[in-house]
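All remarks here apply to the structure that follows.
The values are calculated or read from the model by the stated rules, or taken from the named source; none is laboratory data. Since the model is a prediction, treat every value here as computed from it, not as a measurement. Glycine gets a Cβ as well: all are built from the backbone with ideal geometry, and neighbour counts include every protein chain shown. In case anyone asks, the SASA skips ligands and DNA or RNA and just uses the protein heavy atoms, side chains included. Shrake-Rupley method; radii C 1.70, N 1.55, O 1.52, S 1.80 Å.
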Amino acid sequence: MGVMDMKLAPPDQAEAPLLSVRDLGKMYGERIGCADVSFDLYPGEVLGIVGESGSGKSTLLSCLAGHLQPDQGQVVFQTATGPRDTVTMAEAERRRMARTDWAFVHQNPRDGLRMGVSAGGNVGERLMAIGARHYGDIRAQAIDWLGRVEIRPDRIDDRPRAFSGGMQQRLQIARNLVTGPKLVFMDEPTGGLDVSVQARLLDLLRGLVREMGLSAIIVTHDLAVVRLLADRLMVMKDGHVVEQGLTDQVLDDPQHAYTQLLVSSVLQV
Amino acid sequence: MIEIRDLSKNFVLHNQGSAMIPVMEHANLHVGAGECVGLIGASGAGKSTLMRMVWGNYLAASGAILVGGLDVARAEPRQIIALRRRTLGYVSQFLRVVPRVPTLQVVAEPLLNLGLPAYQAQARAADLLARLNIPERLWSLSPTTFSGGEQQRVNIARGFAHPYPALLLDEPTASLDAATREVVLHLILEAKARGAAILGIFHDEAARAAVCDRLVDVRAFTPKVAA
C-alpha cells in the first residue's frame, strides 16, 4: 500500500468554538477567585490550566462547569440548537446539560462515584438518567464501557470500594463518558495516583479524546501531564491568566516571569 | 513551502534582572518543494532556535514564517495544531511519549490523529520500524526503555509515518549505526522525491552532502553587538 493512497479525514473546517468564555470573574468577598478570563475552546481541543494552589484554577473550572455561579462574564456553549450562555441559563436546564453534553471528572473518584453501587450500576445510572430503560441494553453498554477503560467484565457487580485508586478513576471516566458528552472538565485527574497508573490513565484519556472527538479542560499542577495531554495551555496566578498559548510554546519559551519561574522549578528526571 | 522573512528573536529572562538577549535578527530563508536545506553554524549559533521557531514552540519577536501559506509567527494555536497534524512534521532529538505506550502505537499515532483506520496506521508503522531495524519483539514495548539510538529510530519512524509536505529534521542521523544511517538517508531522499520541503540540521558532513541541496549558515542571522 502506497502512503499516498491512504484515505485521510477531510481537512479541518472552519467551525464555531464549542465553548466561548468572556470576562469571567468570581470574587470571594474582597478576595479574587478568578478575574478577566476569556478564551475559546474548539471541538477536539484539549486545554490545560496550570498554576499553584490558590491560583484560581479550580475556581475557574467550577465556574465553567456550572458548579459555582460567577459574578460576571459569559460562558457560551454551542448546544445542538445553537450557542447558549450557561451562566444565565435556568438551573434545571444547566443540570440537564451537565448530564448530557458535559462531564466532570473529579480528582477524588469518591466525589464522582456512588461508592455503595456496583461498577455496572455506576455506569448504567447515567444512562437511566437520560432516559434509558431497557435493562439488557444498559448492562451491555456498561460492560462495553468497562472494557474501554480496561476493567474486566467479571468486575461489573463489584462495588468501587473493592477497586484500586487507578481502577476507581477509570470507572469514574466510564461513568462520565457513557452518555457521549462533547466537553469534559477534569480536576487533577491523575493526582493521587502512582506514576505507572498515571501513565495508563493518560494513554486512555488521549485515546478517548481522539476517538470520541472530545474537547476537554484539564486543571492540574503537573506540567508533565499537560505536555502529554493538552494542545493548549493557560497559566494562572492570583486569579488571573498570565499567559496562554500552544502547550509546547508556553513550556519551551515562556514569556511571563511567573511561567518562567514555574517551568524552571520543575525537577528534571 | 517554507519561507522565512526578516525574522528576529529575543529571550527575556525575567528572573535574571529581566535581561533581554537578542539571539537572531534579519533571518531570511526559503525551502521549496522537493528541496532539502541544511542549517550550519557552530553550536549555539541558533540552528535549533530557528527550527523551533518554524515548529512554533519558540515565539518570534518580528518577521514572518510561512509554512504551506500559514504564518506560524502570527497564527492561532489551533491553526498551528492543524498545521502540525497535516502539513509540518518534526523529528526532534528527544522522544516525548506517554510511558508504557507500545512502540507500534507511538509510531502510528500521527496517522490515527489524521483519522486513518488503526490497521492501516499500524501497517505503515510496522513497515517503518522494520526498515529502521527495530526488532519486532520490541514493538509491543514502550520506547522509554530503549537505548538512545533505538529511541532516535522510533522518533524517525514517527516523523516519517505521515507524508508531510514540510519536514524539520534535527540531527536525524546522530547516534545511528552505518546501516540504519543509510536507511534514514533513503527516507529523506524519498521524501524529497515526493515533493517534501525539508529543513535540517546535520552534523554528519557525509549525510549533509548526500541529501542537502543548499546550506544556510545561521551565523549570518546573529545579531550584531551594539557598539
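Overview of values
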{"item": "Only listed residue being on the phi < 0 side of the Ramachandran plot and at pLDDT 95 or above, chosen from A:Val266, A:Val235", "result": "A:Val235"}
{"item": "Selection within the range A:236-269 - among the small types (Gly, Ala, Ser), open to solvent by 50 Å² or more (accessible area, probe 1.4 Å) and closer than 27 Å to A:Ser62 by Cα", "result": "none"}
{"item": "Checklist (1) in contact with a strand residue (DSSP E or B) (Cβ under 6 Å, 6 or more places away or on another chain); (2) surrounded by 15 or more Cβ atoms within 10 Å (Cβ to Cβ); (3) touching a residue at least 40 places away in the same chain (Cβ under 8 Å) applied to B:Asp6, failing item", "result": "(2)"}
{"item": "Scope the range B:100-141; condition open to solvent by less than 30 Å² (accessible area, probe 1.4 Å), away from chain A (no Cβ under 14 Å) and out of contact with any Asp or Glu (no Cβ under 7 Å at 6 or more places or on another chain); matching residues", "result": "B:Leu129, B:Leu132, B:Leu138"}
{"item": "Helices (runs of 4 or more DSSP H) wholly inside the range A:76-184 containing at least 3 residues that are polar (S, T, N, Q)", "result": "A:165-177"}
{"item": "Failed condition for A:Pro254, given (1) in a helix (DSSP H, G or I); (2) modelled with pLDDT of 90 or more; (3) over 18 Å from the mean Cα position of the chain (by Cα)", "result": "(1)"}
{"item": "Conditions (1) within 11 Å of chain A (Cβ to nearest Cβ); (2) open to solvent by 50 Å² or more (accessible area, probe 1.4 Å); (3) within 17 Å of the chain's Cα centre (by Cα); number of the one not met by B:Gln93", "result": "(1)"}
{"item": "Checklist (1) open to solvent by 50 Å² or more (accessible area, probe 1.4 Å); (2) more than 10 Å from chain A (Cβ to nearest Cβ); (3) among the basic types (Lys, Arg) applied to B:Lys47, failing item", "result": "(1)"}
{"item": "The range A:202-228 residues that are facing chain B (nearest Cβ under 10 Å), paired with ones that are at pLDDT below 90 and open to solvent by 30 Å² or more (accessible area, probe 1.4 Å) (beta carbon under 6 Å, 6 or more apart)", "result": "A:Leu202/A:Leu228"}
{"item": "Residue under evaluation A:Val197, criteria (1) at pLDDT 90 or above; (2) in a helix (DSSP H, G or I); (3) of a type in the set (A, V, I, L, M, F, W, C); (4) more than 13 Å from the chain's Cα centre (by Cα), criterion not met", "result": "(1)"}
{"item": "Cross-chain or 6+ apart pairs with Cβ under 9 Å, the range B:93-107 first and of a type in the set (A, V, I, L, M), then in a loop (DSSP other than H, G, I, E, B) and open to solvent by 50 Å² or more (accessible area, probe 1.4 Å)", "result": "B:Leu104/B:Ser140"}
{"item": "Residue in the range B:56-63 that is in contact with a strand residue (DSSP E or B) (Cβ under 6 Å, 6 or more places away or on another chain), among the polar types (S, T, N, Q) and under 20 Å from B:Ile201 (Cα atoms) present", "result": "no"}
{"item": "Within the range B:50-76, considering residues that are farther than 24 Å from B:Leu116 by Cβ and at the interface with another protein chain (Cβ under 8 Å from one of its Cβ atoms), the one surrounded by the most Cβ atoms within 10 Å (Cβ to Cβ)", "result": "B:Arg52"}
{"item": "Hits in the range B:159-181 - residues which are touching a helix residue (DSSP H, G or I) at 6+ places or on another chain (Cβ under 9 Å), in a helix (DSSP H, G or I) and away from every other protein chain (no Cβ under 14 Å)", "result": "B:Thr180, B:Arg181"}
{"item": "Any hit, the range B:140-152, residues being under 22 Å from B:Ala209 (Cα atoms), within 14 Å of the chain's Cα centre (by Cα) and not small (Gly, Ala, Ser)", "result": "yes"}
{"item": "Residues that are over 16 Å from the mean Cα position of the chain (by Cα) and either at pLDDT below 95 or among the small types (Gly, Ala, Ser) (or both), drawn from the range B:189-203", "result": "B:Ala193, B:Gly195"}
{"item": "Scan of the range A:185-194 for residues that are more than 14 Å from chain B (Cβ to nearest Cβ), part of a loop (DSSP other than H, G, I, E, B) and either among the acidic types (Asp, Glu) or in contact with a Leu (Cβ under 8 Å, 6 or more places away or on another chain) (or both), ordered by number", "result": "A:Glu188"}
{"item": "Hey, A:Ala119 in contact with a Pro (Cβ under 7 Å, 6 or more places away or on another chain) and farther than 26 Å from A:Gln78 by Cα or not", "result": "yes"}
{"item": "Scope the range A:39-48; condition under 21 Å from A:Asp85 (Cβ atoms) and either touching a Gly at 6+ places or on another chain (Cβ under 8 Å) or more than 14 Å from chain B (Cβ to nearest Cβ) (or both); matching residues", "result": "A:Pro43"}
